[in-house]
Amino acid sequence: MDSFDPAGDGSHDKNGSQEEEALPPPPPILPPNVVPLQVESEPPKKMVVRTPVARRGLGSKGQKITLLTNHFKVNVNKVDDYFFHYCVSLSYEDGRPVEAKGVGRKVLDRVHETYETELGGKKFAYDGEKSLFTVGALPRNKLEFTIVLEDVASSRNNGNSSPDGHGSPNESDRKRMRRPYHSKTFKVDISYAAKIPMQAIANALRGQESENSQEAIRVLDIILRQHAAKQGCLLVRQNYFHNDPKNFTDVGGGVLGCRGFHSSFRTTQGGLSLNIDVSTTMIIQPGPVVDFLILNQGVRDPFSLDWTKAKRTLKNLRIKASPSNQEYKITGLSELPCKDQMFQLKQKGRDDSDMIEITVYDYFVNHRNIELRYSADLPCINVGKPKRPTFIPIELCSLVSLQRYTKALNTLQRSSLVEKSRQKPQERMSTLSNALKTSNYDAEPMLRSCGISINSSFAQVDGRVLSTPKLKVGNGDDLFPRNGRWNFNNKKLVDPCKIERWAVVNFSARCDVRNLVRDLTKCAEMKGISVEPPFDVFEENQQFRRAPPTVRVEKMFEQIQSKLPGSPKFLLCLLSERKNSDVYGPWKKKNLSDFGIVTQCIAPQRVNDQYLTNVLLKINAKLGGLNSMLSVEHSPSIPLVSKVPTIIIGMDVSHGSPGHSDVPSIAAVVSSRQWPLISRYRACVRTQSPKVEMIDSLYKRVSDTEDEGIMRELLLDFYSSSGKRKPEQIIIFRDGVSESQFNQVLNIELDQIIEACKHLDEKWNPKFAVIIAQKNHHTKFFQPGAPENVPPGTIIDNKVCHPRNNDFYLCAHAGMIGTTRPTHYHVLLDEIGFSPDDLQELVHSLSYVYQRSTTAISVVAPVCYAHLAATQMGQFMKFEDTSETSSSHGGVTSAGAVPVPQMPKLSDKVSSSMFFC
């Protein structure tokens, strides 16, 4: 182990380049009495900035297949022109800047109508905020305009007036409101910022990307956004949703899935293309506010609503009030019911000092002659300012369509959404063709002036179907997956464990435990797993069923400890509900963190052979067994990987769900062990500041000799489990980063990993490969004229791939429902020297080593494991008392960084197990 001991002299190379050998110091060349000038140490060396490597060629293995893709070829006829970028600043006539969202587009539309001559007749693309683009320059570098808009959406009327005068039959009410709808004056300043050559787009298509080319393509995307905004769409980044009830699908709780489409320009090897895909967002059910609240809270009538909850749900939503049809934003609810809520009303024809107190109900019913059926006993909707409320009876308020619902969906809503938004490949293709037709981009004047036309047919690409990897199972048998699937019928596991020193724990699941244990044992023996009879079955005490989850777990452990002779090795835990049992997180934490016991939770509903086999696959992996392995791993003959000690790393960061965005993010890194195997992994998980995507604890230097980072733990484990060998090659799969963050992965995360290696051994220079796996993209592939998805193993590395960088799409799994989503792999660095075929086959093979299932998975196993580990340990934190860091959960406040609660440490007994399986 000595070569792996930390150097401890702080002399390691900060630059992290792998080529340099440690050289002896050069001889002194200065006369002894000269004091050399102090040169800045370190920073200049840091200048080595890694950028993604270029493609080394295309793969050739596999059976050729012709595919269609949802990219539409774009012809660009002008490249010698320039986009001119202008800054837009909006203010009210008194000089206050305009903060309100959504006003900008209305203001600039009016500028365009009113001042066409001053703008030199130019069309422009406006992003809705501070940027405006034209083709060719405007007549002057600085332009100032003043425009007047009648009734901007919020139509701020004053204080305690009724908001419903306008257009109502009772005309005299209008005079009582002091400026019910005032028009507003805006000042608009437009000033020149930069010019972007369109030539940059042509350069990007030749693989010469620059800031200019990214900007130029951003302008094209802004044109698409503006085009959709003019059609009244809801815009979510590059996704567009039309207000058409045909596209709405009810997912429960007053929430609708709204189908729209994604549309963006991409530079590819085949030229510029427009990528169009189906996309879905969640919206609030439009219509009467009361109907929405009843559905949202799952109650029978408005009188059972929880109004505190309703106030939170409604805040900032937009409503239309009848009969005026005027639009407002909800600021809150009245404290009192409509029949008791008073406001001051000015008397007809009197001066301002002559006000009378009147209830909202009385005003609407007697002064406005509007019949109110059920509002009297319910709160009113407030659309005014905090100090000057404006109340409207709730039954006169309807929610406007296309308002996003941004909270996390519950399990039922999520499964309903998935169920209803699935589309078979052919159905998706026709939806996309229609989206392109209805968007009518050919009529977009800005695209015309850029000389852009869009082809209406799906681009054709050449794919290859890689041959399926062969698997090894027990007794040296071979297993040949078909269509990305296999089973263990009449087969034994390749390395079965023993289930011994174990017990069953039942948290109130209704099932015949005796029969379950008997069937599980029988199924296990057929797979080669020997099972001792369990010590005991621990039933939860009735009196604790309603207790908090942590208490239930404590009480169960007291029972276990009082009856068992020693610590069990394994506990099978029965839960009553499948997905969201409150007991799950505290139970896992107690077992894995406090006691180091392997545990498997099940919620048995339909117990059959298939179900028991799936449970046993997980138990076997957790207890150190192996279900199946690749034949090339068994023989070992994986190109480049089997010859030289190689560690495979999977990295992922998971963030809080929408509505919980202040919970710490969780970074998980898994690593392969027992080289030359690539099927066994272990995990290391840490918390970090909310929403931070880069992993900050890969290397954590505490002193010259101490590093508490993730990588040290994983590298030492590889060393001790691989016959005292250091990895000479490190292959990193990184999930969940966008293209804009590639350079950070290459320069920040990789530097930390290199530092961690140097800390262990100054002279050690492993070679790296860094590969990003992306699922969040919009490219899909279709088999022309065939109803089914592309076959598993389909790989595409041409035409729709990047003009320069080394990327490819792989559909490793069999898409059984909906349309297959390929994984987009980007090879950012490869010092190991893989050929395109070898690397693509390795990635394909890593989709077949996932121990939890008998199917190929859509993304390499190490990435899936990292995701599982982060999710499972995230459950640990759910019921933690984080009061000592209660000022949010970490992150930066005005007082500086807030500490993030630490992840509980796993017990040494299970830390190197596949506990996450």
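Does the stretch 2-23 include one or more residues that are assigned to a strand (DSSP E or B), out of contact with any strand residue (DSSP E or B) (no Cβ under 6 Å at 6 or more places or on another chain) and modelled with pLDDT under 95?
Step one: list which residues in the stretch 2-23 are assigned to a strand (DSSP E or B), which gives none.
No.
Going by the conditions given, is Thr313 touching a residue at least 60 places away in the same chain (Cβ under 8 Å) and among the hydroxyl-bearing types (Ser, Thr, Tyr)?
Answer is no for this residue.
Among the residues making up the stretch 737-790, a single one is closer than 30 Å to Thr69 by Cα, in contact with a helix residue (DSSP H, G or I) (Cβ under 6 Å, 6 or more places away or on another chain) and among the aromatic types (Phe, Trp, Tyr): Phe782. Taking first residues from the stretch 449-463 that are within 17 Å of Leu58 (Cβ to Cβ) and of a type in the set (Asp, Glu) and partners that are at pLDDT 90 or above and open to solvent by 60 Å² or more (accessible area, probe 1.4 Å), the Cβ contacts under 9 Å between residues at least 6 apart in sequence or on separate chains come to Asp462/Lys64; Asp462/Thr66; Asp462/Lys799. Within the stretch 383-423, the set of residues being free of Cβ contacts under 8 Å to residues at least 24 places away in the same chain and either β-branched (Val, Ile, Thr) or in contact with a Gly (Cβ under 7 Å, 6 or more places away or on another chain) (or both) comprises Val418 only.
Screening the candidates Lys407, Lys424, Lys385 for the property of being modelled with pLDDT of 90 or more and either open to solvent by 40 Å² or more (accessible area, probe 1.4 Å) or hydrophobic (A, V, I, L, M, F, W, C) (or both) yields one hit, Lys424. Out of the residues in the stretch 813-862 that are assigned to a helix (DSSP H, G or I) and open to solvent by 30 Å² or more (accessible area, probe 1.4 Å), state the one that is nearest to Asn483 (Cα to Cα). Checking each candidate, the answer is Glu841. The strands (runs of 3 or more DSSP E) located wholly in the stretch 536-611 that include 2 or more residues which are open to solvent by 30 Å² or more (accessible area, probe 1.4 Å) and of a type outside the set (Gly, Ala, Ser) occupy 537-539.
Taking every residue in the stretch 790-806 that is more than 24 Å from Gln214 (Cα to Cα) and assigned to a loop (DSSP other than H, G, I, E, B) and pairing it with any residue that is of a type in the set (Phe, Trp, Tyr) and open to solvent by less than 10 Å² (accessible area, probe 1.4 Å), at least 6 positions away or on another chain, the pairs with Cβ-Cβ distances below 7 Å are Val790/Phe781. Note on the stretch 274-290: residues that are part of a strand (DSSP E or B) and open to solvent by less than 10 Å² (accessible area, probe 1.4 Å) amount to 6.
Only one of these is surrounded by 13 or more Cβ atoms within 10 Å (Cβ to Cβ), within 23 Å of Leu220 (Cβ to Cβ) and free of Cβ contacts under 8 Å to residues at least 60 places away in the same chain: Leu119, Leu143, Leu108, Leu149. Name it. Walk me through it before giving the result.
Details: Leu143 fails: within 23 Å of Leu220 (Cβ to Cβ); Leu108 fails: free of Cβ contacts under 8 Å to residues at least 60 places away in the same chain; Leu149 fails: within 23 Å of Leu220 (Cβ to Cβ).
Being surrounded by 13 or more Cβ atoms within 10 Å (Cβ to Cβ), within 23 Å of Leu220 (Cβ to Cβ) and free of Cβ contacts under 8 Å to residues at least 60 places away in the same chain holds for just one of Leu119, Leu143, Leu108, Leu149, which is Leu119.
Filtered by the rule that a residue be in contact with a Ser or Thr (Cβ under 7 Å, 6 or more places away or on another chain), among the β-branched types (Val, Ile, Thr) and either within 17 Å of Ser453 (Cα to Cα) or open to solvent by 60 Å² or more (accessible area, probe 1.4 Å) (or both), the stretch 74-100 gives a lone residue, Val74. Selection of the stretch 700-716 for residues being open to solvent by 30 Å² or more (accessible area, probe 1.4 Å) and under 27 Å from the mean Cα position of the chain (by Cα) yields only Lys700. Among the criteria (1) free of Cβ contacts under 8 Å to residues at least 40 places away in the same chain; (2) open to solvent by 20 Å² or more (accessible area, probe 1.4 Å); (3) farther than 22 Å from Leu417 by Cα, the one Lys346 does not fulfil is (1).
For the subset of the stretch 472-530 comprising residues that are at positive phi and touching a residue at least 40 places away in the same chain (Cβ under 8 Å), which member is surrounded by the most Cβ atoms within 10 Å (Cβ to Cβ)?
Step one: filter the stretch 472-530 for residues at positive phi, giving 475-476, 483-484, 490, 501, 508, 528.
This time we only want the ones that are touching a residue at least 40 places away in the same chain (Cβ under 8 Å), so: 483-484, 501, 508, 528.
Details: Asn483: 14, Gly484: 22, Arg501: 16, Ser508: 15, Gly528: 19.
That would be Gly484.
Selection within the stretch 357-382: residues that are exposed (fewer than 12 other Cβ atoms within 10 Å of the Cβ) and without any contact (Cβ under 8 Å) to a residue 60 or more places away in the chain. The member of this set that is farthest from Val290 (Cα to Cα) is Glu357.
All of Arg712, Arg682, Arg725 fail the test of being under 30 Å from Pro636 (Cβ atoms) and either part of a loop (DSSP other than H, G, I, E, B) or polar (S, T, N, Q) (or both), apart from Arg725. Here Phe733 fulfils each of the conditions (1) part of a strand (DSSP E or B); (2) of a type outside the set (A, V, I, L, M); (3) surrounded by fewer than 19 Cβ atoms within 10 Å (Cβ to Cβ) apart from (3).
The values are calculated or read from the model by the stated rules, or taken from the named source; none is laboratory data. This is a predicted model, so every value here is computed, not measured. Virtual Cβ from ideal backbone geometry, glycine too; neighbours counted across all protein chains shown. The protein model used for the area step is the full one, side chains on, heavy atoms only, and it has no ligands, DNA or RNA in it. Shrake-Rupley method; radii C 1.70, N 1.55, O 1.52, S 1.80 Å.
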